[in-house]
Structure formats: structure tokens, C-alpha cells
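A short write-up of the structure that comes next.
The values are calculated or read from the model by the stated rules, or taken from the named source; none is laboratory data. All figures in this text were calculated on a predicted structure; none of them were measured in a lab. Heads up, the Cβs are rebuilt from the backbone with ideal geometry, glycines too, and the neighbour counts pull from every protein chain shown.
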Amino acid sequence: MELDTHLRHLTEQGHGLADSATAAGLDAPVPSCPEWAARDLVTHQSQVHRWARSYVSSGRSTPPNAGDTPEPPPPDDELLDWFRAGHEALVTSLREAPADLDCWSFLPAPSPREFWARRQAHETTIHRVDADLAAGRTPAIDPALAADGIDELLHGFFARPRGSLVSDPARKLAVRAADTGAAWTITIGPDSRTSTSIADPDADCTVTGDAAALYLLLWNRGGRDNLTIDGDATLLDLWQAKAIIRWG
């Protein structure tokens, strides 16, 4: 997916998050993040937008440290405007950043600028889903964006050696996006994971469905309805219990 497409989705998803948070009300519980109300969701996402922009706009090359503190949110009556301003500033900084931007990033990408555009497009999409659920709305996700997000999840986050998603003996989970034709297999081993962009016919469990439904499932934002599951479904239980995403 091209940088301009990621920026378009980042723009649209940020607007959608603000709209759903407004419809829900800031006191509304977020079903997919039980410890949060909508205000916590909006605050978190805006702090992340500002954090991401700090790297893009400054070219900072060092990772975050314990001394970094997020910008505190304003009062409730200013919170959504604060969110919108931070979101717009991030999009503008990414759009205006040089192609050879050199700054810290934490997943493989053609360039730091493309990394941050992709990462923030998906960060914002997933939290827009959270806002939709808080507002009682049914999330709708572009199939190509969903497939790109599955790819980032499996080849990016779960390619890193650490994490609690492990299995001994190793087990394979295959994922097929029926609408886009994309497919992946993640091998969950005793110490780490590896992924390929094919559906292994010998996988322990194969899940087939539309890319959006798979995206929500793998991000633990959606259930198994409208998906076809072949093989050992307990592998999905392991995923839902142990597939915890950490940004750093």
C-alpha cells in the first residue's frame, strides 16, 4: 500500500474516531477495552498521534525512555477538538516530511516516513473500531486496508522475538482473505514466531473469511462469526489469550 493511501486512511479513520466518540459520549464504556471510557480512548489516541508526530517532525533517532511523558489532555469540553488538532498535525507532518526522513521506528518498512504512516493508519483504524463499538455502531473497514493490517501484524509485530504468544510444540495458524486473495501462515514456536505470505495446507488451523473480519479477529476486536474455521480451533483460543501487542 502506497504512502498516500495510508495517509488517506489515517485521515479518514481519525475523522471517524472523533465522530463515533462524539456520538457515544465521553462517559460511554468501550466494550473492546473494558478498562476505558470513550474519553480514555480519545486521550490515548491523541497522545499517540502527538508522540508519533514528535519523531516525524524532529527526526529524533532515539527510542522512547522512562523520562518521556505524554501531553496531558484538556478538560472534557475541549478534548475532541484537541484530538482533531493533534490528528491533523500528524497527517500534515507526514505529508510534508521529506522522503529521506531519518528517525526512529520499530517495525520493518521501506523508510521511517512510510513506517509511521502505515503504523498510525492502523493504530487509528483499530481505535476507531473501539469508538464505533462504544457508540453501538458496526465497524466497516476497507478490505485492502484490512489485508495490509494483517500483513503488518504478522510480518511486523509478531516477527519480533519476544512476546507471550508461544507454543511447544510449534503450531501453525493459516489465514485466508477470501475477498482480496491474500493469505498468511504464522508458525507459533516455543520461543518466537515466523510468518509467510501463503496459507500452508498443513496448518493446524485455517481461518477463512473477508479481510475485515480477519483483521478484527486477529486484533481481538471481533468474533468468529462469518469465518470458516478448519482444524484445531483451540489455536484461536491461544491467540486470543496471548496475542498481546506492544509497540516498543
**Report entry** Matching residues in the stretch 22-41 - criterion: being farther than 17 Å from ARG221 by Cα, touching a helix residue (DSSP H, G or I) at 6+ places or on another chain (Cβ under 8 Å) and in contact (Cβ under 8 Å) with a residue 24 or more places away in the chain
**Finding:** THR22, ALA24, LEU26, ALA28, ARG39
Report task. Would you please list the contacts, defined by Cβ atoms under 9 Å and residues six or more apart or on different chains, that run from a residue in the stretch 48-63 that is among the hydrophobic types (A, V, I, L, M, F, W, C) to a residue that is modelled with pLDDT under 95? Result -> VAL48/PRO70; VAL48/TRP247; TRP51/PRO64; TRP51/ASP68; TRP51/PRO70; TRP51/GLU71
Query raised in the report: Applying the selection to the stretch 90-123, what residues are closer than 18 Å to GLU152 by Cβ, without any contact (Cβ under 8 Å) to a residue 40 or more places away in the chain and either crowded, with 19+ Cβ neighbours inside 10 Å or in contact with a helix residue (DSSP H, G or I) (Cβ under 8 Å, 6 or more places away or on another chain) (or both)?
Result: ALA109, PHE115, HIS122
Requested in this report: Could you tell me whether the stretch 201-212 includes any residue that is modelled with pLDDT of 95 or more, crowded, with 16+ Cβ neighbours inside 10 Å and part of a helix (DSSP H, G or I)?
Outcome: yes
Report task. Please specify each residue of the stretch 223-244 satisfying the condition of being touching a residue at least 60 places away in the same chain (Cβ under 8 Å), surrounded by 12 or more Cβ atoms within 10 Å (Cβ to Cβ) and in a loop (DSSP other than H, G, I, E, B). Result -> ASP232, ALA243
